[in-house]
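I have placed the structure first, in the form of structure tokens, so that the comments after it can refer back to it.
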Amino acid sequence: MIGSNKEQYLVRAIYFGFFILFCAHWLLTSNTPYHKLIIVFIWVPAFLHVCFYSSRYKSLSRTGAGLYLFAAAWFSFVVIYHAQSTHDLRELKIPLYAGLTLLGFFAIAQADQEKCTRFLLIFAVLGGIGAWASWLFFYLVEGKSLLSRHPAIGLWSVIIPAAQATGALMLLVVSLGLRKTTRPLLNAVFVVTLAGYSIFLIANQSRGVWLALLFALVIVALLSRNRKIYLLFGFFVLALGLVFILDNSVFLKRGVSFRSELWEQGIKHALDNWLVGLGFEKFQVAIASSKKVWSHPHNMFIDIAIRFGAVGLISWLLLWGWAIVRAYQYRFTDLGMATLVLLIYSGVVVQTDGIAQWMKPNPGWFVTWLPLAMAFALGGSKQKVIPEDISEPL
């Protein structure tokens, strides 16, 4: 049996692993060291913690765990089913990776949920530096036009996924930091951080992310009735109005970027392969109004249906629905509020772009596995749901 001091070492290693997950992508240029560091500092310590401290997981939601295991089992079945054509079983490791990430976050939260929440906020604030650095690098160092779109520096090199993940980090600062603090110095830090995120997201020009972010800010404002959140919402709307005045083509000329046609063709693909999907086989989405061919339908749920069939989609929707209900039950806790807001934002933002969630750590993890990890962590420490709210959390 590992002693309590050694358990602390495991927990500290996992904290460092999540620091890597949240922050290292701004600095690295290759996914290989990024994934290896996550293996060493999240997945291995999480596995050891489960092996030697299984009693710590008694408060882990059985409903959530059952739904995850079912989704993972179906994913594995689909991968094996299609192995005869793809000749590749490497993806079978992904449910293990995702599961260990969920358990790793649960481990640090059950040890001290307040500390876990505090570090989550710190990691998100540090991300604001990356957002500022990205904007400064592309427009001042590289001299790009202020009207051109840009991704993030480091590993987040694809424009829309970078915006989706950055929006998630911004909401963590809003719900865990700006919403709570009354200290002027901290307020100043959060304002500078949120300014960096806002400038990055506006320059990124991902309109689906803008809509999801505005919707999430409305939810935070209604739940917390915080004047600072209303002001942030107003600032973001004014900033978008300024963008419209300076270059209305961002809103008008690009239209809806063939989204409705892509979704229609994606649904046809899903219906043609409704039982077990296509797995990781390559497919193309072509539409009549454009000569361009896409590799996915620009909607995560449709992509899940195409790749993993109706059962794969339903299992994911059930898991996501469980997470929303659980977060709502714990909405009076700091982590619960942040989880609820992030789940709502993520559920909206993947409607306009996103691929199936069963991938190695990438920007998509911040709108899929991160909010789920936070949902699993709720109730794992001394913080309990308010009795008059609901008697028995899921």
- Amide H contacts under 5 Å for Val285, placed H, 5+ residues apart: Trp294, Ser295, His296
- Highest-MSF residue in the chain out of Tyr97, Tyr81, Tyr345 [GNM, Cα springs under 10 Å]: Tyr81
- Task: Using per-residue counts of other Cβ atoms within 10 Å, averaged over each peptide, order 173-180, 270-277 from highest down.
- Result: 173-180, 270-277
- Message: Which of Cys23, Cys116, Cys51 ends up with the largest GNM mean-square fluctuation for the chain, with Cα atoms connected below 10 Å?
- Response: Cys51
- Please identify the chymotrypsin sites (Phe, Trp or Tyr not before Pro) of the stretch 120-161 that satisfy two criteria: DSSP loop assignment and at most 15 other Cβ atoms within 10 Å. Which are they? none
- Task: Please give the direction-averaged projected area of the C-alpha convex hull for the chain, in square nanometres with one decimal.
- Result: 20.5 nm²
- When only Cα pairs under 8 Å and 6 or more residues apart are kept, what is the percent relative contact order across the stretch 226-307? 29 percent
- In Å³ per residue, the alpha-carbon convex hull of the stretch 1-43 encloses 52 Å³
- Message: Suppose every Lys and Arg Cβ carries +1 and every Asp and Glu Cβ carries -1, with no other charges. What dipole size does the chain come out with about its Cα centre, to the nearest 20 debye?
- Response: 580 debye
- Task: State, in angstrom, two size descriptors of the stretch 28-85 derived from its alpha carbons: Rg to one decimal place and Dmax to the nearest whole number.
- Result: 15.8, 42
- Task: Quick one: grab Rg to one decimal and Dmax as a whole number for the stretch 192-313, Cα atoms only, in Å.
- Result: 18.5, 50
- Query: Counting each DSSP H run of 4 or more residues in the chain as -39500 (n - 2.57), what helix-only mean residue ellipticity at 222 nm follows after dividing by all residues, to the nearest 500 deg cm²/dmol?
  - Reply: -21000 deg cm²/dmol
- Query: From the cross-link list Lys115/Lys180; Lys36/Lys282; Lys93/Lys268; Lys6/Lys360, which pairs have alpha carbons spaced over 19 Å apart?
  - Reply: Lys36/Lys282; Lys93/Lys268; Lys6/Lys360
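Quick note: the coordinates plus some simple rules give every number you see, no bench work behind them. Everything quoted here is computed from the prediction, not taken from an experiment. Virtual Cβ from ideal backbone geometry, glycine too; neighbours counted across all protein chains shown.
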